[in-house]
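Report on one structure; see the data block that follows.
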Amino acid sequence: MFYIALLFLSALAVSGIAGYFSILGLMAIFPGSPIPVAIMGATLEVAKLVTASWIYRNWKQANLLLKSYFTFAVILLSLITSIGIFGYLSKAHIEHTTVGGSSQLQIAQLESKKTSAERRLKNAQTSLDTLDRLTTAEDVLDANFIRNRQKRERTSLNKEIEEATADIEDIETGLIPLKTKNLKLEAEVGPIKYVAEMFYGSSDGASVDKAVRMMIMLLIFVFDPLAILLVIAANISILS
C-alpha cells in the first residue's frame, strides 16, 4: 500500500511540474493572452491525465474510434506539453544570455570611454612635455612673453589632465560591479560550458546553445511521457 501511494504521489508530482512548466512556456509563446492560455493549459493537462487513466481502465470496453481518438489526443497533448516545456526552458536560457550580453555591452561602452579619456590624458601630457622643451629651446625670444603664453596653455593642459584622470577613475569604479556581475554570470554558465566542450569540443556561444538545446530535448523526452506512464502505472497498481 505504501508503494502504491508513493507511486501515485510521484505521478502527481511529475505531472504537476510538467504541467507547470508547460503552462509557463505556453504563456511565453502566446504573451498576448496569458491568463486564458494558462486556464486552457491547466484544463488540458488535467484532461490529458484523466484521459490516459480512462483509456487504460476501459480499453476493452471502448470502441475503436473512441480508443483511437483518445490515444491520439493524449499523444498530441503530450507533444503540446513538451513544446511548452521547451518554450519555458528556452526563455530562461535566453533571458540569462540577454543579461550577460547587456553586461558585456555596458563594459564595452565604458572601456571605449576609458580609452578616449586615456587618449586625452596622453595628448595633454605630450603637449605639456612639448612646452617644457620649447622653454629651454626658445631662449632668444622674450622670456616674459613665453612664460605668459605657456601659463595659459599649462593651466588649460593641467585642467585637461585632471579631468581625464578623474574620468578614468570614475570609469574604473563603474567597471568593478559590472565585471563582478559578469564573472558571476560566467560562473553560472560554467557547467553547461563543460557539457558543450564534452559533446561539441568547444565552449563558445554556438556550442553552448547547442548543449542547452540538447539538454532541453532530453528533459522533454522524459518529462511528460514519464508523467503519463506513472499515472497509468498508478492505475495498474490500484486495480491490482
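State which residue pairs qualify: first residue hydrophobic (A, V, I, L, M, F, W, C) and inside the stretch 19-43, second residue outside any helix (DSSP H, G or I) and surrounded by fewer than 16 Cβ atoms within 10 Å (Cβ to Cβ) in any location, beta carbons under 7 Å apart, and separation of 6 or more residues or different chains.
Val37/Phe30
Among Leu26, Leu77, which is the only one that is touching a Lys or Arg at 6+ places or on another chain (Cβ under 7 Å) and either surrounded by 12 or more Cβ atoms within 10 Å (Cβ to Cβ) or farther than 15 Å from Asp224 by Cα (or both)?
It is Leu77.
Let me confirm something: among Ile39, Ile55, which residue is open to solvent by 50 Å² or more (accessible area, probe 1.4 Å) and either in a helix (DSSP H, G or I) or in contact with a His (Cβ under 7 Å, 6 or more places away or on another chain) (or both)?
Of Ile39, Ile55, the one residue that is open to solvent by 50 Å² or more (accessible area, probe 1.4 Å) and either in a helix (DSSP H, G or I) or in contact with a His (Cβ under 7 Å, 6 or more places away or on another chain) (or both) is Ile39.
With the requirement that a residue be acidic (Asp, Glu), in a loop (DSSP other than H, G, I, E, B) and surrounded by 13 or more Cβ atoms within 10 Å (Cβ to Cβ), what does the stretch 181-240 give you? Even if it seems obvious, please write down each step before you answer.
Filtering the stretch 181-240 for residues acidic (Asp, Glu) gives 186, 188, 197, 204, 209, 224.
Narrowing further to those that are in a loop (DSSP other than H, G, I, E, B): 204.
Within the stretch 181-240, none qualify.
Does Tyr69 satisfy being without any contact (Cβ under 8 Å) to a residue 60 or more places away in the chain and under 31 Å from the mean Cα position of the chain (by Cα)?
Criteria not met by Tyr69.
Within the stretch 87-97, is there a residue that is acidic (Asp, Glu), more than 30 Å from Thr51 (Cα to Cα), in contact (Cβ under 8 Å) with a residue 60 or more places away in the chain and out of contact with any strand residue (DSSP E or B) (no Cβ under 9 Å at 6 or more places or on another chain)?
No, the stretch 87-97 contains no residue that is acidic (Asp, Glu), more than 30 Å from Thr51 (Cα to Cα), in contact (Cβ under 8 Å) with a residue 60 or more places away in the chain and out of contact with any strand residue (DSSP E or B) (no Cβ under 9 Å at 6 or more places or on another chain).
So if I check each of Lys60, Lys67, which one is open to solvent by 30 Å² or more (accessible area, probe 1.4 Å), part of a helix (DSSP H, G or I) and among the charged types (D, E, K, R)?
From the options Lys60, Lys67, the qualifying one is Lys67.
The values are calculated or read from the model by the stated rules, or taken from the named source; none is laboratory data. Owing to the predicted nature of the structure, the values given are computational and were not obtained by experimental measurement. FYI the Cβ positions are ideal-geometry reconstructions off the backbone, even for glycines, and counts take in every protein chain you see. Accessible surface areas use protein heavy atoms only, side chains included; no ligands, DNA or RNA. Shrake-Rupley method; radii C 1.70, N 1.55, O 1.52, S 1.80 Å.
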